[in-house]
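Since the structure comes first, as structure tokens, the remarks are kept for the end.
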Amino acid sequence: MLKLSALAAVLPLSNLFEKTQAAKVDKPIVLSTWDFGVQANEAAWKVLSANGRALDAVETGARVPEADPKITTVGFGGAPDRDGRVTLDACIMDEHGNCGAVASIEHIMHPVSVARKVMENTPHVMLVGDGATQFALESGFPRENLLTPESEKAWKKWLETSRYKPVINVENHDTIGIIAMDSSGNLSGACTTSGLAYKMHGRVGDSPIIGAGLYVDNEIGAATSTGLGEEVVRIVGCHLVVELMRQGNPPEQACRIAVERIVKKQPQKSKDIQVGFLALNKRGEYGAYCLQKGFNYAVYSNSIKNRLLDSKSYY
Ligand code: SD4
């Protein structure tokens, strides 16, 4: 076997370092939040394993829970706002720093795909409310009723007390955030949600905000979040996680430092809410960290065939 010193004689040291590092990267790889991330990863993996682009993989994966009426926190079947309207938030970001987002869009089952169209077909990053819906319809997305009888029934039950408690606890299985690296080593991410159940009409969380609910920097890594969006927006969470990775923190540690930032700002409040971050770096290393126990995520690569892992938690 060729010794390292012998290799160093024929390759400059920096080159050698890059080559040995590159050999270790377990790519392609895709990670998704929560247990429904397993199905999302399954769909994304079909794209990645055929040498597809990470951007196509994350969009394909995110569309799975969006179309599932049994998932009451994303897309079709998502819990409505307190006026009974299903308003959805989503964003997407690619390896070039291109990004697109829609917020408070109604009647469209696949906001993540509308976000991609905003990114690719408009000079803008984000469209909201009626403007987003109008753009989707003009782009050929069908107008659909997203309020299922089950969601409507649950909302009517909530109306009996109408207690507006902007608290997300560990029982809520929330937003899908999905981040991936393709076989070329490029990163992309997407995030899609119906947001906080029974929120005020017009409320927008972190999920469609680039830097808050999702961030991708192809030199460094990608991050996504779930949980109470207001707290993620306050610290521009996912941009923070990526910048912490840029400073040399491994993904889990970067997520932990971001969670600790939330605790530091709101020590009392942080005890009753959930926020979780999930991150992947350019070397294919990944990790998560959350406030409360109960956050999990799915990972699919050549070496880990779609496993659901528990995130470590602050509390
Ligand atoms: C939001 N972070 O709208 C999203 C949704 C979520 O628990 O994760 N809900 O705040």
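The values are calculated or read from the model by the stated rules, or taken from the named source; none is laboratory data. In this text, all values refer to a predicted model and were calculated from it rather than measured experimentally. Quick reminder, even Gly has a Cβ in these numbers, built from the backbone with ideal geometry, and neighbours come from all protein chains shown.
For first residues located in region 104-127 and free of Cβ contacts under 8 Å to residues at least 24 places away in the same chain, partners that are assigned to a helix (DSSP H, G or I) and small (Gly, Ala, Ser) and lie 6+ apart or on another chain with Cβ distances below 9 Å form the pairs LYS117/ALA136; VAL118/ALA132. The listed residues are GLY131, GLY140, and the only one of them that is at positive phi and at pLDDT 95 or above turns out to be GLY140.
One line per residue, one yes/no per condition, for (1) among the aromatic types (Phe, Trp, Tyr); (2) surrounded by 12 or more Cβ atoms within 10 Å (Cβ to Cβ); (3) at pLDDT below 85:
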site	(1), (2), (3)
LEU2	no, no, yes
LEU11	no, yes, yes
LYS24	no, no, yes
LYS70	no, no, no
GLY78	no, yes, no
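Among the residues of region 180-197, those identified as within 15 Å of the ligand (Cβ to nearest atom), in contact with a strand residue (DSSP E or B) (Cβ under 8 Å, 6 or more places away or on another chain) and either in a strand (DSSP E or B) or farther than 18 Å from MET126 by Cα (or both) are GLY189, ALA190, CYS191, THR192, THR193.
For the criterion of being in a loop (DSSP other than H, G, I, E, B), among the acidic types (Asp, Glu), over 21 Å from PRO80 (Cβ atoms) and out of contact with any Phe, Trp or Tyr (no Cβ under 6 Å at 6 or more places or on another chain), GLU120 fails. Scan region 199-215 and give yes if some residue there is assigned to a loop (DSSP other than H, G, I, E, B), surrounded by 19 or more Cβ atoms within 10 Å (Cβ to Cβ) and among the basic types (Lys, Arg), otherwise no. Yes, region 199-215 contains a residue that is assigned to a loop (DSSP other than H, G, I, E, B), surrounded by 19 or more Cβ atoms within 10 Å (Cβ to Cβ) and among the basic types (Lys, Arg). The residues on offer are GLN253, GLN268, GLN274, and the sole one that is buried (at least 18 other Cβ atoms within 10 Å of the Cβ) and more than 19 Å from GLY189 (Cβ to Cβ) is GLN274. Among the residues of region 84-108, those that are of a type outside the set (Gly, Ala, Ser), surrounded by 23 or more Cβ atoms within 10 Å (Cβ to Cβ) and closer than 25 Å to TYR198 by Cα comprise VAL86, THR87, LEU88, ASP89, CYS91, ILE92, VAL102, ILE105, ILE108. Only one entry of ALA154, ALA254 meets the criterion of being touching a Leu at 6+ places or on another chain (Cβ under 6 Å), away from the ligand (no atom under 15 Å from the Cβ) and either farther than 17 Å from GLY97 by Cα or modelled with pLDDT under 95 (or both), and that entry is ALA254.
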